[in-house]
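The values are calculated or read from the model by the stated rules, or taken from the named source; none is laboratory data. Predicted model only: the values in this text are computed from it and were never measured. Ideal geometry is used to build each Cβ from the backbone, glycine not excepted, and the neighbour counts take in all protein chains shown.
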């Protein structure tokens, strides 16, 4: 079982994700954004960073990277895909998840640990967590303020697709949303970094429950 | 074919919070600028587009705005073609 971690020019969390996946008991390899195929991977992670410099908007260029067609195809076929931070922004720009991430309400780049609550376990990232479980995870973003129209919000709520909510909203996100998933639950985007909370040395291992959920879904494919 | 100069003004859609605009607006009274309201921050993008006529220039630019220059979830584009 192998996780493919997509590297865009400007990604900077790809090795964190590889280490996090290993800490969770899986294996990972790096994929280049210019590849048109995903090689032989069972799951895909779009890592954090500043893909294509975040020029124009975060994710605006990454959406057109050649690998994204293969990622979309993989997702359509039920493949587990997680976008972390910048990866979440890329997934919304690519239309694989609804809504958008705009500038933090306080106009500050936020770099600290926050508490998030697992509000849905229907996603590949949260299936192994307990509903209501609170996790302490690092955030590291300027554009993490999740925004969507009322219709989308109603749909996300009705279909139990809001997987993580901030306990104390740091960035102005609509409905305290820290992470959402696709209707089938196989595509997940979240602003916090579970991979940076995957070893006692990092101050928290709360991200492991998420990484292990993801890995166990990938292993079953 | 003609070359049309284009100005695209990208702004946040009505109802979408604009923390930059709000911060600028809050700062103005302290700087002695009273009576300034409704500050919204956006970006301006200038380029030229090759097209046979004005109408097709506009349609190409609209498509470009929809697919790339704006995120229609949160942004609007005002297109001015100068000719």
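A few comments on the model shown:
- Subset of region B:1-37 that is within 14 Å of chain A (Cβ to nearest Cβ) and part of a strand (DSSP E or B) - its residue that is farthest from the chain's Cα centre (by Cα): B:12
- Considering (1) over 20 Å from residue B:69 (Cα atoms); (2) assigned to a loop (DSSP other than H, G, I, E, B), the lone condition that residue A:29 does not fulfil carries the number (2).
- Just one of (1) closer than 22 Å to residue A:156 by Cβ; (2) part of a helix (DSSP H, G or I) fails for residue A:178. It is (2).
- Looking across region A:56-93, the residues that are touching a helix residue (DSSP H, G or I) at 6+ places or on another chain (Cβ under 7 Å) and farther than 18 Å from residue A:9 by Cα come down to A:80, A:81, A:82.
- Of all residues in region A:104-119, those satisfying the criterion of being within 14 Å of another protein chain (Cβ to nearest Cβ), in contact with a helix residue (DSSP H, G or I) (Cβ under 9 Å, 6 or more places away or on another chain) and buried (at least 16 other Cβ atoms within 10 Å of the Cβ) are A:104, A:105.
- Which numbered condition residue A:40 fails, given (1) modelled with pLDDT of 95 or more; (2) over 22 Å from residue B:73 (Cβ atoms): (1)
- Every residue from region B:65-83 that is away from every other protein chain (no Cβ under 14 Å), out of contact with any helix residue (DSSP H, G or I) (no Cβ under 7 Å at 6 or more places or on another chain) and at pLDDT 95 or above: B:78, B:80
- Inspection of region A:35-48 identifies at least one residue that is in contact (Cβ under 8 Å) with a residue 40 or more places away in the chain, closer than 30 Å to residue B:11 by Cβ, in contact with a strand residue (DSSP E or B) (Cβ under 7 Å, 6 or more places away or on another chain) and not in a loop (DSSP other than H, G, I, E, B).
- Answer from A:101, A:96 - the residue that is within 14 Å of another protein chain (Cβ to nearest Cβ), modelled with pLDDT of 95 or more, in a strand (DSSP E or B) and over 12 Å from residue A:45 (Cβ atoms): A:101
- Residue list for region A:49-88, filter: more than 21 Å from residue A:3 (Cα to Cα), assigned to a helix (DSSP H, G or I) and within 14 Å of another protein chain (Cβ to nearest Cβ): A:52, A:54, A:64
- If you go through region A:148-174 and keep only what is away from every other protein chain (no Cβ under 14 Å), outside any loop (DSSP other than H, G, I, E, B) and touching a helix residue (DSSP H, G or I) at 6+ places or on another chain (Cβ under 8 Å), you end up with A:157, A:162, A:165, A:166.
- Looking across region A:120-142, the residues that are more than 18 Å from residue A:196 (Cβ to Cβ) and crowded, with 21+ Cβ neighbours inside 10 Å come down to A:120, A:123, A:124.
- When the residues of region A:197-221 are filtered to those that are touching a helix residue (DSSP H, G or I) at 6+ places or on another chain (Cβ under 8 Å) and in a helix (DSSP H, G or I), the one that is farthest from residue A:22 (Cα to Cα) is A:202.
- Of the criteria (1) in contact with a strand residue (DSSP E or B) (Cβ under 6 Å, 6 or more places away or on another chain); (2) over 28 Å from residue B:12 (Cβ atoms), which one residue A:78 fails: (1)
- Evaluated against (1) free of Cβ contacts under 8 Å to residues at least 24 places away in the same chain; (2) within 14 Å of chain A (Cβ to nearest Cβ), residue B:62 falls short on exactly one condition, (2).
- The residues listed here are B:46, B:40; of these, the one that is modelled with pLDDT of 95 or more, touching a strand residue (DSSP E or B) at 6+ places or on another chain (Cβ under 9 Å), under 28 Å from residue B:73 (Cα atoms) and away from chain A (no Cβ under 11 Å) is B:46.
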